[in-house]
1. If you take every residue apart from F289 with its C-beta less than 14 Å away from the C-beta of F289, what net charge results, scoring Lys and Arg +1 and Asp and Glu -1?
2. Using modelled amide H (1.01 Å from N, peptide plane; none on Pro or chain starts), what sits under 5 Å from the amide H of V47, excluding residues fewer than 5 places away?
3. Just reorder R65, R98 by solvent-accessible area, largest first, 1.4 Å probe, all chains present.
4. Using the Karplus equation 6.51 cos²θ - 1.76 cosθ + 1.60 (θ = phi - 60°), what ³J(HN,Hα) coupling, rounded to whole Hz, does each residue of the range 126-133 give in order, writing x for Gly and Pro?
5. Taking a 1.4 Å probe, which of L184, L68 shows the most accessible area, and what order do the others take after it?
6. Search the structure for amide H atoms under 5 Å from the amide H of A293, placed 1.01 Å from N in the peptide plane, and list their residues when 5 or more places away or on another chain.
7. Convert each backbone phi in the range 51-56 into a coupling constant with the Karplus relation 6.51 cos²θ - 1.76 cosθ + 1.60 (shift: θ = phi - 60°), then list the ³J(HN,Hα) values in order as whole Hz, x for Gly and Pro.
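The values are calculated or read from the model by the stated rules, or taken from the named source; none is laboratory data. Everything numeric in this text was worked out from a predicted model, so none of it was measured. When we count neighbours, we look across all protein chains shown, and the Cβ atoms used for this are built from the backbone with ideal geometry, even at glycine. Surface areas here come from the heavy atoms of the whole protein model, side chains and all, with no ligands, DNA or RNA. Shrake-Rupley method; radii C 1.70, N 1.55, O 1.52, S 1.80 Å.
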Amino acid sequence: MLGILAICQRAYLTLWRQPVLIISTMLFPVIYLAVLGNALNRQLENVPIAVVDEAGNSLAAECRRAVLALESGRNLVVAAFPADREQALADLRTGRYRAVWVLPHGLSAAGPAPAFIGDNTDRFSYSTVESALSDIWTEATGVRRFATAETRLEAYPYLDYLTYLGPAVVCLAIFMGSMVAGGLQVIEDRMYGYHEGYLVTPVSTGAIVTGHMLAGTLVAGLAGSFVLLAIMLFTPLPMTTPEALGGGLVTVFLTALAITGLWFLLFSRARKTSALRGMFGIINVLVFFPSGALYPVESYPKWLKVVSDVDPLTYGVSALRDLLLRGAPLKSCYSEWLVLLTFSLVCGVLTQVLFRREV
């Protein structure tokens, strides 16, 4: 225990004597949330569309007035009214318009109905504009183009994308902090010869590995806790009860332990920081993005779902969302906590096998 504590204290103090590195590790996720959250958490505005009126009757005129109201009221669209359908479709293909709404000859409630041709390379704009124009047609005729349920209920309070990203950004802070403490720190110790000093002490390999993992967990866990508190100030989470906050902090430190163990395992034999710089992008893609941080894991293809199932960050993101966004009880997170502890133990054992007491 004394050996573990000595290694942990030395590694921890070494990290905290680099304030620029620590501060940048904590600030990066907050900046990420502010920029990405506000870039995506915006109402869609000023989408250019073309309305081709071939009918010229009263129903078509009502649809045109509704489009103009949509433009002046919600600022959703910027409407143009070309007379030539073929030219409008050609302009759609060149990117001038995002959608073309054709009001065909003989337009009536009984048919024919308007034709919507949208630029589906931008699925978000496509769906939003199509839905708005469909609502216009429904209001003008009373005919629904799609069957919809009469009752629509929401199980949880409304969450904007900025709030939805909160747990993901906490896990990003853990990921960055553990990279510094579990990957970079170990490599630098070997480069600068600190491990030579361990060779003349009775400290075992297991104590060295455990001490480094504990130090990295403290750094990454504190980074995640700091970001969690910052998110609670800037984007109030709907379920911030003392129980949820306590469970969130437990999840943060268990996730930090698992991710630190993963970094330490991957770089237990590395001798130069160039190895970390070369592999950081790949590890980031394989750990952060498959975790469900930005998109639901249920929608992943099968091969990516397999990656997500073995990714420890998946379970950290899931537990934080259950606690902080859905108000789930602590017992619902026991399975995620068990997975994180098991993953940490496996990484620690494998690292002890691979880690060599040599110069």
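1. Values: positive: K305; negative: D311.
With Lys, Arg at +1 and Asp, Glu at -1, the net is 0.
2. V77, V78
3. Values: R65 150, R98 90 Å².
Correct descending sequence by accessible area is R65, R98.
4. Those phi angles translate into 4, 5, 5, 5, 4, 5, 5, 5 Hz.
5. On the way: L184 35, L68 80 Å².
Per-residue accessible area, sorted high to low, gives L68, L184.
6. Those lying under 5 Å, H to H, from A293: there are none.
7. Here the 3J(HN,Hα) series is 10, 9, 9, 9, 7, x Hz.
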